[in-house]
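Have a look at the structure below, then the notes.
The values are calculated or read from the model by the stated rules, or taken from the named source; none is laboratory data. All values reported here derive from a predicted model rather than from experimental measurement. Virtual Cβ from ideal backbone geometry, glycine too; neighbours counted across all protein chains shown.
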Amino acid sequence: DGLGISTIKEYSGEKLEKMLENRGGKLVAIHAGEARDDVLDAMKIDPDFVVHLTNAGPQSLREVFERKIPIVLCPRANASFGVGLPDLKAIFESDCLIGLGTDNVMANPPNMLREMEFTWKLYRGLYKDPGFDARMVLRAATVNGRRILGLPDNTIKEGNQADFIVTKPMEYAVDPVLALVHRIGPSDIKEVVSPPYPS
């Protein structure tokens, strides 16, 4: 619940100012650097997190990294629209909290399993890095999103509400995290254990 701005150029300065004044302590997210580098302009509204950073240049990335603003990546949507790809290496190596999203449901089905697989394979292929840790991608697709949104911790531990999936055993899977990130599909999910959410 909050304010999601699709681009800094969408509203006049006056309209934007009014919207931000009335935010009532809610989160402000902005899509920035998607088709062009408008990240420095987007930073002027002091967002709680930024989405995309696809075409963010070095100065823009430095600004986001120095301010430790959380980043939500949507690489499948970026690739689908043909607007480029974010600097995954710099972003994953930063101290920012990284989340994964699916962006536009008209361009991509909201399938986080495919988002994880695409991100992991893309990173390994682009940077020729077979050692890229699948755990970073799994965290980005799960617990980091909750942290970015300021939601309570739901990691699997005593006292927390159960909120997880149970999958079929994977043949030949040596590393279960790697198997989750790179091989699992919806048909592999046996059960969803989740608290009731308000309707």
>> Anything in region 28-47 that is of a type outside the set (G, A, S) and farther than 14 Å from G101 by Cβ? List them, or say none.
In response: V28, R36, D37, D38, V39, L40, D41, M43, K44, I45, D46, P47
> Which one is farthest from W120 (Cα to Cα) among residues in region 166-183 that are at pLDDT 90 or above and among the hydrophobic types (A, V, I, L, M, F, W, C)?
Replying inline: V166
> Is there any pair with a first residue in region 132-152 that is closer than 17 Å to N111 by Cα and a second that is outside any loop (DSSP other than H, G, I, E, B) and acidic (D, E) whose Cβ atoms are under 7 Å apart and which are 6 or more apart or on different chains, and what are they?
Replying inline: A141/E115
> Taking region 96-123, which residues are crowded, with 21+ Cβ neighbours inside 10 Å, among the charged types (D, E, K, R) and more than 16 Å from L85 (Cα to Cα)?
Replying inline: none
> Which of the residues that make up region 54-91 are closer than 17 Å to F132 by Cα and in contact with a Phe, Trp or Tyr (Cβ under 7 Å, 6 or more places away or on another chain)?
Replying inline: P75, L88, K89
>> Return the residues of region 56-102 that are under 18 Å from A35 (Cα atoms) and acidic (D, E); say none if nothing qualifies.
In response: D87
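Per-residue answers, yes or no, for (1) hydrophobic (A, V, I, L, M, F, W, C); (2) part of a helix (DSSP H, G or I); (3) farther than 20 Å from D1 by Cβ:
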residue: G125; (1), (2), (3): no, yes, yes
residue: N144; (1), (2), (3): no, yes, no
residue: E158; (1), (2), (3): no, no, yes
residue: E191; (1), (2), (3): no, no, yes
> Which residue out of A35, A56 is surrounded by 13 or more Cβ atoms within 10 Å (Cβ to Cβ), modelled with pLDDT under 95 and not acidic (D, E)?
Replying inline: A35
>> Condition check: under 15 Å from S94 (Cα atoms), out of contact with any strand residue (DSSP E or B) (no Cβ under 6 Å at 6 or more places or on another chain), charged (D, E, K, R) and touching a residue at least 24 places away in the same chain (Cβ under 8 Å). Does R67 satisfy that?
In response: yes
> Only one of L3, L20 is under 23 Å from L151 (Cα atoms), touching a helix residue (DSSP H, G or I) at 6+ places or on another chain (Cβ under 9 Å), of a type outside the set (V, I, T) and at pLDDT below 95; which?
Replying inline: L3
> Considering region 174-189 alone, what residues qualify as being surrounded by 15 or more Cβ atoms within 10 Å (Cβ to Cβ) and part of a loop (DSSP other than H, G, I, E, B)?
Replying inline: R183, I184
> If you check D103, D95, D188, D163, which single one turns out to be of a type outside the set (K, R), out of contact with any Lys or Arg (no Cβ under 7 Å at 6 or more places or on another chain) and at pLDDT 90 or above?
Replying inline: D103
>> Checking the condition crowded, with 20+ Cβ neighbours inside 10 Å and either at pLDDT 95 or above or not aromatic (F, W, Y) (or both), which residue from L61, L85, L126 passes?
In response: L61
> Within region 144-151, is there a residue that is modelled with pLDDT under 95 and more than 18 Å from C74 (Cβ to Cβ)?
Replying inline: yes
> So, in region 131-173, of the ones that are within 17 Å of the chain's Cα centre (by Cα) and among the β-branched types (V, I, T), which residue ends up surrounded by the most Cβ atoms within 10 Å (Cβ to Cβ)?
Replying inline: V137
